[in-house]
Amino acid sequence: MKFLYLFGYPLGHSISPAFQNAALRECGIHGVQYVKKSVPPEELQQIILALRAPECLGANVTVPHKQTILPLLDEVSPLAREIGAVNTVVKRANTDGSVALVGENTDAYGFMQALRARRVDPRGQRVAILGAGGAAAAAAYALAEGGAYEIVLLNRTLARSVELADRLVQKFPLMGLALNDWDALGKTQLLVNATSVGMSPHPDASPLPPHVVLARHAVVYDLVYNPPMTRFLREAQAQGARTVGGLEMLIYQGARAFELWTGKRAPIRIMRAAATAALQEIIRAAGQKG
Ligand code: ATR
């Protein structure tokens with residue numbers, strides 16, 4: 001048996017195993033299983049050992065290892081280095097018979113693909129991102145690459161927005177950047193929540209301060225996928241905004257990782273059906289407990 005791993009801590013209810021295993025089955029890849037491995041931060045080295053083992057074919061990496069794993073890998077793709085976070089590790093066989101652990105970031109791709117599927121194009125637009133962590137960085141790079149005219153970064157901790165803005169300005173010197181300008185939301189065509197605020201088990205929280213008025217016809221995108229309809233999206237919808245939920249990004253980042261590991265085209269429909277069913281099951285079980 002060979003394995004693809006998901007490393008994180010704590011891992012809780014992840015739906016990645018459900019849709020990655022469905023994709024493996026659909027593509028006829030037998031004898032390979034995608035499994036969760038809970039590894040606390042102080043045991044980061046265990047991840048590298050597990051990755052180097054011959055039975056491991058690759059991995060996803062999630063909180064809290066996405067940033068700290070970078071210096072331990074043999075190579076990091078330019079995009080993952082710019083974003084400062086790795087969510088996928090690919091094992092590359094070198095011509096001399098050695099194997100290199102290569103860090104990739106598929107979050108930016110997943111973020112943009114979910115927008116494209118809804119026919120949202122950031123080119124020439126003012127966009128705003130709530131948050132300044134790894135997810136916000138992936139969103140910011142994707143939007144900057146996608147031709148956004150200005151990015152407004154809104155974060156509780158200003159120092160983290162400043163740090164992200166410093167990195168963005170080096171790569172995209174012509175793009176506009178604004179920090180913690182909440183008034184800009186009235187003139188923002190796309191607003192992204194890349195914080196964890198509103199995520200289960202705290203669905204009553206919203207990352208937006210009360211009484212913020214959104215631009216007319218704004219698109220509002222929440223990277224949170226549980227619950228599927230967050231308070232942030234609900235309130236934006238009430239203001240007439242078009243909304244995009246976080247499940248599509250999760251599926252597309254996983255699809256890209258699957259393609260990097262297997263070299264096969266990801267069966268998106270099968271992955272979406274499995275992800276949706278797994279999420280519904282988690283919500284149903286939580287409802288029974290509560
Ligand atoms: P990820 O990799 O998922 O982005 P992260 O790097 O821990 O995770 O970032 C989490 C983001 O959610 C941060 O922008 C964080 O704000 P701070 O930089 O101020 O910590 C934001 N966040 C988390 N809880 C929050 C809360 N209760 N209110 C406002 N922002 C919050």
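The values are calculated or read from the model by the stated rules, or taken from the named source; none is laboratory data. Keep in mind that this is a model prediction, so the values were computed, not measured. Note: ideal-geometry Cβ built from the backbone for every residue, glycine included; neighbour counts use all protein chains shown.
This table checks each residue for (1) among the hydroxyl-bearing types (Ser, Thr, Tyr); (2) at pLDDT 95 or above; (3) part of a helix (DSSP H, G or I).
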{"residue": "236", "(1), (2), (3)": "no, yes, yes"}
{"residue": "243", "(1), (2), (3)": "yes, yes, no"}
{"residue": "249", "(1), (2), (3)": "no, yes, yes"}
{"residue": "252", "(1), (2), (3)": "yes, yes, yes"}
{"residue": "261", "(1), (2), (3)": "no, yes, yes"}
{"residue": "266", "(1), (2), (3)": "no, yes, no"}
{"residue": "271", "(1), (2), (3)": "no, yes, yes"}
{"residue": "278", "(1), (2), (3)": "no, yes, yes"}
{"residue": "285", "(1), (2), (3)": "no, no, yes"}
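Within region 151-188, restricting attention to residues that are part of a loop (DSSP other than H, G, I, E, B) and crowded, with 20+ Cβ neighbours inside 10 Å, the residue that is farthest from the ligand (Cβ to nearest atom) is 188. From the list 124, 146, exactly one residue is more than 9 Å from the ligand (Cβ to nearest atom), farther than 20 Å from residue 67 by Cα, at pLDDT 95 or above and surrounded by 15 or more Cβ atoms within 10 Å (Cβ to Cβ). Which is it? Matching residue, one of 124, 146: 146. Scan region 46-72 for residues that are more than 16 Å from the ligand (Cβ to nearest atom) and either under 23 Å from residue 136 (Cα atoms) or part of a helix (DSSP H, G or I) (or both) and the total you get is 10.
Okay, residues lined up against (1) surrounded by fewer than 16 Cβ atoms within 10 Å (Cβ to Cβ); (2) of a type in the set (Asp, Glu); (3) under 20 Å from residue 107 (Cα atoms); (4) touching a residue at least 12 places away in the same chain (Cβ under 8 Å):
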| site | (1), (2), (3), (4) |
| --- | --- |
| 219 | no, no, yes, yes |
| 222 | no, yes, yes, yes |
| 235 | no, yes, no, yes |
| 241 | no, no, no, yes |
| 249 | no, no, yes, yes |
| 258 | no, no, yes, yes |
| 266 | no, no, yes, yes |
| 277 | yes, no, no, yes |
| 289 | yes, no, no, no |
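With respect to residue 193, determine if the residue is touching a residue at least 60 places away in the same chain (Cβ under 8 Å), of a type outside the set (Ser, Thr, Tyr) and within 15 Å of the ligand (Cβ to nearest atom). Criteria met by residue 193.
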